[in-house]
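Remarks on the structure that follows.
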Amino acid sequence: MLRLGRGLYRHRWLLTRRTVQIVILLAFIVAIPGYGKIAEGNLASSLWFGELKLTDPFILLQTFFAGSTIALPALIGALIVGGFYAFLAGRLYCSWVCPINLITDLAYWLRKRLHIKGNMSLSRSLRYWVLALALALSFLGGTLAWEMINPITRFQRELVWFSFSGAMLLGALFLFDLLVSRRAWCGHLCPVGAFYGLLGRYGRLKVTATPTESCDTVGCSRCVTVCPEPHVLAPVVSKQAQSVTSGDCTRCGACLDECHEGTLSMKLDLVGMVTRKAGK
Amino acid sequence: MAEDKQHNIGKLEDPAKRETFRNVFKRFGVVLVGTIVGQSMILSRPSRAAEALRPPGALPDLDFDSACVRCGLCVEDCPYDILKLASWADPAPQGTPYFVAREEPCRMCKDIPCAKACPTGALDRHMTDIKKADMGVAVLVDHETCLNYKGMTCSICWRVCPIRDEAITLEPIQSEKGRLLIPTVHSDTCTGCGTCEKHCVLSEAAIRVLPRELGLGLSGRNSVGRS
């Protein structure tokens, strides 16, 4: 019992995150008898509880680049979503909402399990190029370029509408992450993550280090080992910064689960927002 | 001159500069290749086939393509489950909603729930009259197989039409077979719901809903024809 409790505590962030992810996914799929579905549509645009309309700002941006005028319901929905991520942290989307994260995390977990060492190295900035390309092609093609590929909404369409003909892409993505390149999709290629990273560049939710000496004395860097975007922790571990400020941080909490020294914590840094403004 | 040449070589062999140039060209290359591949992908994408009809209130084809976010809210709000979202193999751009009249025609709900659900304006959510919808236009494509042309009074297309006697009328003509009742579509009232196509008794429908630009002629002179 105690072991189970400790096990749960050791994975508290992971378990919370998976719960949120799966609840959001199920909200689109499961119809509650007598009520219906909690959310209709998919992550491109959705209707929650029959009232709240949410729209993905990146997809709406593509429609804008494709030459469409933006309608009010979609705009309001995108402002709500965009505001939420801009305030807290953009890439919260990646680790707490996006269903593809389930697939790529599974691929990474298997990769470790099977000791697959081979790795084609990709640049982490590649995703910004893909992002720019998606917008440029939307503009040139007059259509939503990324939506021809986007595995996120495809995943939902496959699941929600039971049309399996596009499942090949998801399989390819899984195999690529598993066999070819470590954390290739979420960490290097996906323009949605890049977009949310930029959007939430100054998000207030931060992994913060309380200055203790335990890190040095124990000499552990397990937080960096488990981090899906290890470079974001570098300034913190080398004591150049007190908190992770990079937009690439997905706030997945893997480092917090791994840190047994009590050094790292997730903090809502509202003071920083005020002082930043005052500083300016 | 020689001195000048020497100078230039010196410049190019500066390793930092070389690296910069290499990076610049690499990036240009990536963007160029990406654009060409992506653009060709976009241009070669399957466009909407004639039998794939859009829900009522849809924008014209290209505008629809750029406005629709592929969320499927219209599909979920269709009470008859007629609308589908296109996947890779389907005859419409991926993720966009469509229906095939011969399989299931639009039932022309008075409150137009599909159009109301659209968040982006790809479907006109302010549309109030379903009879103003333009999903296409019914065309009697085959005079050789249509039973009414053979002198039998099938008239099923006329009988099932939700806007009977306005969108389709039976026009009598006299021929060598006797008096024929010809189903005649009036394009100004036909919404393209596809009920006639669905119910045509032939194994391949003689009356079909086509996009307006395919289904209708236009009076005036043909600029590419006889000059």
Among (1) among the hydroxyl-bearing types (Ser, Thr, Tyr); (2) at pLDDT below 85; (3) open to solvent by 40 Å² or more (accessible area, probe 1.4 Å) - the single one A:SER214 does not satisfy: (3)
Cβ contacts < 6 Å: first residue closer than 21 Å to B:ALA101 by Cβ and more than 10 Å from every other protein chain (Cβ to nearest Cβ), restricted to the range B:53-68; second residue open to solvent by 10 Å² or more (accessible area, probe 1.4 Å) and in a helix (DSSP H, G or I), any location; separation 6+ or different chain. Result? B:PRO55/B:CYS74; B:PRO55/B:CYS114
Which condition from (1) among the acidic types (Asp, Glu); (2) open to solvent by less than 20 Å² (accessible area, probe 1.4 Å); (3) modelled with pLDDT under 85 is the one that A:GLU229 breaks? (3)
Going through the range A:20-41 one residue at a time, which ones are open to solvent by less than 80 Å² (accessible area, probe 1.4 Å) and either touching a residue at least 60 places away in the same chain (Cβ under 8 Å) or within 30 Å of A:VAL226 (Cβ to Cβ) (or both)? A:VAL20, A:GLN21, A:ILE22, A:ILE24, A:LEU25, A:ALA27, A:PHE28, A:ILE29
Positions within the range B:140-172 being farther than 13 Å from B:THR189 by Cβ and either of a type in the set (D, E, K, R) or assigned by TED's automatic domain parsing to the domain that holds B:ASP61 (or both), in sequence order: B:ASP142, B:GLU144, B:LYS150, B:ARG159, B:GLU171
Just checking, which of A:GLY34, A:GLY83 is more than 14 Å from every other protein chain (Cβ to nearest Cβ), over 24 Å from A:MET168 (Cα atoms) and in a loop (DSSP other than H, G, I, E, B)? A:GLY34
Out of A:SER246, A:SER238, report the one residue that is modelled with pLDDT of 85 or more and polar (S, T, N, Q). A:SER246
State all residues of the range A:82-121 that are more than 13 Å from A:ARG251 (Cβ to Cβ) and open to solvent by less than 20 Å² (accessible area, probe 1.4 Å); if no residue qualifies, say none. A:GLY82, A:PRO99, A:ILE100, A:THR104, A:ALA107, A:ARG111
From the set of residues in the range B:79-110 that are open to solvent by less than 30 Å² (accessible area, probe 1.4 Å) and aliphatic (A, V, I, L, M), which is nearest to the other protein chains (Cβ to nearest Cβ)? B:LEU85
Restricting attention to the range A:42-70, and to residues there that are more than 20 Å from the chain's Cα centre (by Cα), under 21 Å from B:PRO97 (Cβ atoms) and assigned to a strand (DSSP E or B), which single residue is farthest from the other protein chains (Cβ to nearest Cβ)? A:TRP48
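The values are calculated or read from the model by the stated rules, or taken from the named source; none is laboratory data. What you see is a predicted model, and the numbers here were worked out from it, not measured in a lab. Please note: Cβ atoms are built from the backbone with ideal geometry, for glycine as well, and neighbour counts cover all protein chains shown. Areas reflect the complete protein model, heavy atoms only, side chains present, ligands, DNA and RNA absent. Shrake-Rupley method; radii C 1.70, N 1.55, O 1.52, S 1.80 Å.
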